[in-house]
1. Run the numbers for Asn139 and Ala37: contour at 0.36 nm per residue of separation, minus the present Cα-Cα distance, in nm.
2. Given Cα pairs under 8 Å that are at least 6 residues apart, what percent is the relative contact order of the range 2-150?
3. Sorted by mean Cβ packing within 10 Å, highest first, what order do the peptides 107-119, 88-100, 130-142 take?
4. Computed FRET efficiency, Cβ-Cβ of Ala105 and Gln74, R0 30 Å: what is it to the nearest 0.05?
5. Any idea how far apart Ala115 and Asn89 come out in nm if each label point goes 7 Å out from Cα toward Cβ?
6. Based solely on C-alpha atoms, express the radius of gyration and the Dmax of the range 2-150 in angstrom.
7. Quick one: angle between helix 69-81 and the longest Cα principal axis of the chain, in degrees between 0 and 90, rounded to 10, please.
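Please treat every number below as a calculation from the coordinates, not as lab data. Treat the numbers as computed from the prediction; the structure is a model and nothing was measured. We place every Cβ from the backbone using ideal geometry, glycine too, and count neighbours over all the protein chains shown.
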Amino acid sequence: MGRVFARLRDAINEQFGQSMVELALLLPILVFGLIGAADLARAFALQLAIQNGARAGAEAYAINFTPTRALAIQRAVDEMSRTPGMDVNNPSLNVDAWALQADGATACLQPPTVATPCFVTVSIQYTFHTLVPWPLIPNTANFDRSTTMRTFY
């Protein structure tokens, strides 16, 4: 009977050792997969923040909530700053706003008319950097978003 228990104990120890080796081999792959998924989720969240910032700035400028270009830009930056992880002081962040007629070159008349509508545009460029410099994969992505809306005032 003692021999049976000894063989059973040896078999359990061998299986435990095999499990430890398998875990040691797979753990780095799992960790890199989790970090990669976190980077991808971060990129998606920042892309949405930039899109929402462009929309918020253009909307505020179009309805005359922010009557100046500088206030429209600040509204876009404020909207983006609400997203965790978004660094609005990042030098790669470039926000611009302008108001032009339908031809895209002529300044708006005040007040705009049906014949000469005015369109406001807020454009945002941002360079995303991954948390980890991945080999064989690009470590940066350029997010460019702009929103154009017709004025309502």
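1. 35.3 nm
2. Averaging sequence separation for qualifying contacts and normalising by length gives 21 percent for the range 2-150.
3. With the highest mean Cβ count within 10 Å placed first, the list reads 88-100, 107-119, 130-142.
4. 0.70
5. With each label placed 7 Å out from Cα toward Cβ, I get 5.1 nm.
6. Cα-based Rg and Dmax for the range 2-150 come out at 27.0, 100 Å.
7. 20 degrees
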